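In what follows, a structure is listed as structure tokens, so that the remarks can point back to it.
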Amino acid sequence: MRIQKLLAAGLLTIASTGLFAQGFEGSIYFTKSNMVDVTQYAYHVKGNMVRIDEMVEGSDKLVATLLVNLENGEMTALSHERNLYMNRPNKDDKGGAIVGAEVIDGQLKRAIHGVNCSQVRVKNKAADREVMYWVSDDASYAFFPKLLNILKRKDNFSTYYLSIPNVGNKLPMMAQENTLLRDKKGFLQVDKLEKKKLDDSLFKIPAGFEKVER
């Protein structure tokens, strides 16, 4: 009986580990704005591959696509208008978290698109900025911090997020950037989140696209 219990516990642990390792697979659609321009994106995630589509505001028409390999950091940019693709080199700078950030864990909770979230605020007094995030309590989004570290974006939504300690494999479902006097400077929000199986072809260079060099 003891052996059976140990075997059962072992199998449960393996199964749980496997589910965690699989992480999120599906598509995340979101809107980003600096209060002047509005950009709409879709992240398609499967295993170690992420496809980032930039779309024309208010439509499904693709402007550009970036294919990112989370395992080796390789990136390929696609131009749909010209049927071209090119390899995008990794940036030499470190990027990442900002210096002097003050992180404040809020007590507020809310659900966004069925995902339970907690409020986290990141304040930078020297820059007169604060970004308030609604971060998923679900830690199955391992792709996200890996993606940010590869892209090395300099916008406050990215750098302030990486300043949150132990953020782990969570996803910001909504964020708002303000001055310390609460003047709104930008927002980011998930419009739709779909957990679904994706075809491998989504992460390959389309037929007929020609390679160009930088």
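Of note:
- Of the residues making up the range 200-211, not a single one is within 21 Å of Met132 (Cβ to Cβ), in contact with a strand residue (DSSP E or B) (Cβ under 6 Å, 6 or more places away or on another chain) and either of a type outside the set (Lys, Arg) or part of a loop (DSSP other than H, G, I, E, B) (or both).
- Here Pro145 fulfils each of the conditions (1) at pLDDT 95 or above; (2) closer than 24 Å to Gly114 by Cα apart from (1).
- Condition check for Glu194: within 15 Å of Ala101 (Cα to Cα), of a type in the set (D, E, K, R), in contact with a strand residue (DSSP E or B) (Cβ under 6 Å, 6 or more places away or on another chain) and surrounded by 13 or more Cβ atoms within 10 Å (Cβ to Cβ): no
- The residues of the range 104-127 that are among the basic types (Lys, Arg) and under 21 Å from the mean Cα position of the chain (by Cα), listed by number, are Lys109, Arg110, Arg121, Lys123.
- Cβ pairs under 9 Å, 6+ apart, first in the range 89-116 and among the basic types (Lys, Arg), second assigned to a loop (DSSP other than H, G, I, E, B) and at pLDDT 80 or above: Lys91/Lys152; Lys94/Lys152; Lys109/Asp137
The values are calculated or read from the model by the stated rules, or taken from the named source; none is laboratory data. Since this is a predicted model, take the numbers as computed values, not measurements. Methodologically, a virtual Cβ is constructed for each residue, glycine included, from the backbone with ideal geometry; neighbour enumeration extends over all protein chains shown.
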